[in-house]
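Visitor: Can you read through this structure? Questions will come right after.
The values are calculated or read from the model by the stated rules, or taken from the named source; none is laboratory data. Fair warning: this is a prediction, and the values are worked out from it, not measured in the lab. So basically every Cβ, Gly included, is an ideal-geometry build from the backbone, and we count neighbours across all protein chains shown.
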Amino acid sequence: MWEACYSDGQVAAAGIILYCGRVRILIATHYWRPHRGGIETVAYEQARRLVTRNHVVTVLTSRLRGDPANQVEEGISVHRIRALNALEPQGVPFPIFSPSLWLQMTRLVAAHDLVLAHSHLFLTSAAAVTAAHRVGKPSLILQHNTYVEYSWPWRLLEDVADQSLGRWTLKMAGRRLAVSDAAAQYVQSLAPGPTGLLRNGVDAGRFHPIAGEKERAALRARLGLDAGAFVVFTVRRLSFKNGVDTLLEAALRLRDSRHLQIVIAGSGPDRPAIERYLARHELASVRLLGFVGDAELADWYRAADLFVLPSKSGEGMPMVVLEAFASGLPVLATRAGGQVEMIEEGENGWLIPPSSAESMASAIAAARARPDATRQMGRRARSGVESLDWERQVSLLEGYFNEHLLEA
């Protein structure tokens, strides 16, 4: 059934052979669209491309308020199990499922050839790899995050869950993959063993640099941005580990800088606190957009001069960094995960300590003071990310699938 079929040059160079065959793939993920997040984006981009390659793709995920129980989206069959999402307002994205998760997962695993679970600590992943182990189906787990340094008491709960549920899930999985070396090291610290690398991809057609100053001026006028301002952009879920508070403190230090605009896109549990901070300090230079849809997001990247990733911990291979690079933006990021593998200091961005508003303010000021050098770094960033095309990355994923099927 699994005869060698084809291999493009880049995939062959990675040592992975692709095989012919239609595979029935079950994807387990804690959230799915319209919920926003990095894992949701990666799972969706992989799933829809697997469908176009003639695979059968089913997703099992949480059913939050307003979600349909079942739907078909771009050929992907989505099954949702009712879940409580009470922890997410505390900054902990961990849906608590109905017990029917385990029954539904066992039924769906039995009907598929292979299971792909996203990240080790979610109940969907534990149920998926456990069911696959019981019925003798191959399973892979793709680790997205590194250790998240939650505040008390969530950090204690995370540590307990890591050493129990997380370790169990990683040991039960037939194969482990990670989106970065940092994420792979995190996996191996919990369950030593081989861990492959599958980096995230980016749509370099959708996210692309501005064509010139005329287009920039028109785009900024439409978005309500000052044509001559130095625009700093970030898109974050407004929660603890994403470090928006550090960016706000940096903005406060830069409040007397002329022609500087800081734009924050995203929603999340800490938005009311952010709004109170902006009002209290009268930070007119900071604009809080709220949720930005897919169709408009690329324009905000293209209208900016610099992207900031202020995360405190937990990053694996942030999608927003790839999107910023593809849009021709240099990135100012914290040393808080896999982004350190993506950013070459002074070439396509800068790295600073997490939670350091002073370092962030200084770096923003330095980038603003050298606009020509900053734009040149953005051009290098775009050039360096073009190899991480989603189609290539999904071909690599197919290679892992087929290797695992041949071993099973």
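Visitor: Being surrounded by 15 or more Cβ atoms within 10 Å (Cβ to Cβ) and farther than 23 Å from Leu322 by Cα narrows it down to one residue among Leu247, Leu190; which is it?
Guide: Among Leu247, Leu190, only Leu190 is surrounded by 15 or more Cβ atoms within 10 Å (Cβ to Cβ) and farther than 23 Å from Leu322 by Cα.
Visitor: Looking at segment 312-341, which of the residues that are modelled with pLDDT of 95 or more and polar (S, T, N, Q) is farthest from Gln46 (Cα to Cα)?
Guide: Thr334
Visitor: To continue, here is another question. Does segment 195-211 include one or more residues that are among the aromatic types (Phe, Trp, Tyr), closer than 26 Å to Ile352 by Cα and touching an Asp or Glu at 6+ places or on another chain (Cβ under 6 Å)?
Guide: There is at least one residue in segment 195-211 that is among the aromatic types (Phe, Trp, Tyr), closer than 26 Å to Ile352 by Cα and touching an Asp or Glu at 6+ places or on another chain (Cβ under 6 Å).
Visitor: Further, regarding this structure: Which of (1) closer than 27 Å to Ile343 by Cβ; (2) among the small types (Gly, Ala, Ser); (3) in a loop (DSSP other than H, G, I, E, B) does Gly193 not meet, given it meets every other one?
Guide: (1)
Visitor: From Pro318, Pro330, which residue is over 13 Å from Ile210 (Cα atoms), in contact (Cβ under 8 Å) with a residue 60 or more places away in the chain and out of contact with any His (no Cβ under 7 Å at 6 or more places or on another chain)?
Guide: Going through Pro318, Pro330 in turn, the sole match is Pro318.
Visitor: Then there is this: Within the set of pairs 6 or more residues apart or between chains, which connect a residue that is at positive phi inside segment 26-55 to a residue that is part of a helix (DSSP H, G or I) and surrounded by 20 or more Cβ atoms within 10 Å (Cβ to Cβ) with Cβ atoms less than 7 Å apart?
Guide: Partner pairs satisfying both residue conditions: none exist.
Visitor: Same structure again: At least 2 residues that are among the aromatic types (Phe, Trp, Tyr) and assigned by TED's automatic domain parsing to the domain that holds Ala221 in each: list the helices (runs of 4 or more DSSP H) lying fully within segment 262-373 that qualify.
Guide: 294-303
Visitor: Please pick out the residue among Pro99, Pro89, Pro138, Pro153 that is in contact with a Leu (Cβ under 6 Å, 6 or more places away or on another chain) and over 19 Å from Tyr44 (Cα atoms).
Guide: Pro138
Visitor: To continue, here is another question. From the list Thr124, Thr169, which one is buried (at least 24 other Cβ atoms within 10 Å of the Cβ) and in contact with a Pro (Cβ under 9 Å, 6 or more places away or on another chain)?
Guide: Thr124
Visitor: Please enumerate the residues belonging to segment 167-186 that are of a type in the set (Val, Ile, Thr) and part of a loop (DSSP other than H, G, I, E, B).
Guide: Val179
Visitor: Got a sec? Which of Ala326, Ala298 is surrounded by 24 or more Cβ atoms within 10 Å (Cβ to Cβ) and over 19 Å from Phe230 (Cβ atoms)?
Guide: The conditions single out Ala326.
Visitor: With respect to Val78, determine if the residue is farther than 26 Å from Pro153 by Cβ, crowded, with 20+ Cβ neighbours inside 10 Å and within 22 Å of the chain's Cα centre (by Cα).
Guide: yes
Visitor: Let me spell it out: the conditions are (1) touching a Ser or Thr at 6+ places or on another chain (Cβ under 8 Å); (2) assigned to a helix (DSSP H, G or I); (3) not hydrophobic (A, V, I, L, M, F, W, C), and Asp162 meets all of them except one. Which number is the exception?
Guide: If we test Asp162 against (1) touching a Ser or Thr at 6+ places or on another chain (Cβ under 8 Å); (2) assigned to a helix (DSSP H, G or I); (3) not hydrophobic (A, V, I, L, M, F, W, C), just (1) comes out false.
Visitor: Given the criterion within 24 Å of the chain's Cα centre (by Cα), at pLDDT 95 or above and hydrophobic (A, V, I, L, M, F, W, C), identify the matching residue among Ala303, Ala295.
Guide: The conditions single out Ala303.
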